[in-house]
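Notes follow once the structure below has been shown.
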Amino acid sequence: MLTRKIKLWDINAHITCRLCNGYLIDATTVTECLHTFCRSCLVKYLEENNTCPTCRIVIHQSHPLQYIGHDRTMQDIVYKLVPGLQEAEMKKQREFYHKLGMEVPGDIKGETCSAKQHLDSHRNGETKADDTSNKDASEEKQEEDNDYHRSDEQVSICLECNSSKLRGLKRKWIRCSAQATVLHLKKFIAKKLNLSSFNELDILCNEEILGKDHTLKFVVVTRWRFKKAPLLLHYRPKMDLL
């Protein structure tokens, strides 16, 4: 079977950020036009603009940050295509946290360890029989399935109700994975309050409505960066006015 080899520079335009001209890191896509950028580059750009950097379409007149989302598939593709990029990025992030005297998040530790072990096994010429590999993969998958994201970076949250039309939660303090999204919180609150639909809710941070696809890590970085835990979020009926 004939195979065609494609050089990396032939596809560079599809896996690089237009704002920094580097390979995509924490790839984030504009939902209006599907153009993708590094998350940090795009967030910084949208602090003073409300249009897509590539096609100039208006993302949103007042809250463009609510209409962008993490593109996990694109980021996985970039890491697989560019040798050493993921390991180098994890190293930079570890050095950043050490420089600030902060604890390195668990997800960064985990990804670094995994990448290092993978590289070491290839460098040492270590190989395993197919049955052993399959067994290890099966055990690893089972362990991941039973983990429930407890090994992820965690976020502490306080969920407060700021509307008289809804009751407050009995337990308003929760701790969950930083990869959870605002949509997950909506479903959680709707279930606890026995609401007919999670679409009836808005969740706010600093009096700003959050997009349903925002991860909690993104919310912390963009709206709670220099504030102490827990992350304070408010919920209210969708059509309720403050």
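THR51 satisfies every condition listed in (1) under 20 Å from the mean Cα position of the chain (by Cα); (2) without any contact (Cβ under 8 Å) to a residue 60 or more places away in the chain; (3) surrounded by 17 or more Cβ atoms within 10 Å (Cβ to Cβ) except (1).
Matching residues to (1) hydrophobic (A, V, I, L, M, F, W, C); (2) touching a Cys at 6+ places or on another chain (Cβ under 8 Å); (3) crowded, with 20+ Cβ neighbours inside 10 Å:
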| site | (1), (2), (3) |
| --- | --- |
| THR3 | no, no, no |
| THR16 | no, no, no |
| CYS38 | yes, yes, yes |
| ILE57 | yes, yes, no |
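Is it the case that ARG39 is at pLDDT 90 or above, touching a His at 6+ places or on another chain (Cβ under 9 Å) and within 16 Å of THR215 (Cα to Cα)? Yes, satisfied. The set of residues in segment 71-85 that are surrounded by 12 or more Cβ atoms within 10 Å (Cβ to Cβ) and modelled with pLDDT of 90 or more comprises MET74, GLN75, ASP76, ILE77, VAL78, TYR79, LEU81, VAL82, LEU85. Checked against the criterion of being among the hydrophobic types (A, V, I, L, M, F, W, C), in a helix (DSSP H, G or I), touching a residue at least 40 places away in the same chain (Cβ under 8 Å) and under 21 Å from LEU216 (Cβ atoms), the candidates VAL78, VAL43 yield just one match: VAL43. Here the condition is being closer than 20 Å to LYS217 by Cβ and part of a loop (DSSP other than H, G, I, E, B); of ILE25, ILE6, it holds for ILE25 alone. The C-beta contact set for segment 217-235 (first residue assigned by the TED database to the domain that holds PHE188 and more than 21 Å from PHE198 (Cβ to Cβ), second residue among the β-branched types (Val, Ile, Thr) and assigned to a helix (DSSP H, G or I), distance under 6 angstrom, 6+ apart or interchain) comprises THR222/VAL43. Residue by residue through segment 46-75, note down the ones that are within 21 Å of ASN206 (Cβ to Cβ) and in a helix (DSSP H, G or I). Within segment 46-75, LEU46, PRO64, LEU65, GLN66, TYR67 qualify.
Where residues in segment 161-185 are under 25 Å from GLY69 (Cβ atoms) and touching a His at 6+ places or on another chain (Cβ under 7 Å), which of them is most open to solvent (accessible area, probe 1.4 Å)? Among residues in segment 161-185 that are under 25 Å from GLY69 (Cβ atoms) and touching a His at 6+ places or on another chain (Cβ under 7 Å), the one most open to solvent (accessible area, probe 1.4 Å) is GLN179. Within segment 186-242, the set of residues being of a type in the set (Asp, Glu), open to solvent by 40 Å² or more (accessible area, probe 1.4 Å) and outside any strand (DSSP E or B) comprises GLU200, GLU207, ASP213.
When segment 9-22 is examined, which residues are found to be free of Cβ contacts under 8 Å to residues at least 24 places away in the same chain and not in a strand (DSSP E or B)? The answer is TRP9, ASP10, ASN12, ALA13, HIS14, CYS20, ASN21, GLY22. Criterion first (open to solvent by 100 Å² or more (accessible area, probe 1.4 Å) and either at pLDDT 60 or above or among the β-branched types (Val, Ile, Thr) (or both)) does ARG123 satisfy it? It is false that ARG123 is open to solvent by 100 Å² or more (accessible area, probe 1.4 Å) and either at pLDDT 60 or above or among the β-branched types (Val, Ile, Thr) (or both).
The values are calculated or read from the model by the stated rules, or taken from the named source; none is laboratory data. All values derive from a computational prediction rather than experimental measurement. Here the Cβ is made from the backbone with ideal geometry for all residues, glycine too, and neighbour counts use every protein chain on show. Quick note on the areas: whole protein, heavy atoms, side chains included, nothing else; ligands and nucleic acids left out. Shrake-Rupley method; radii C 1.70, N 1.55, O 1.52, S 1.80 Å.
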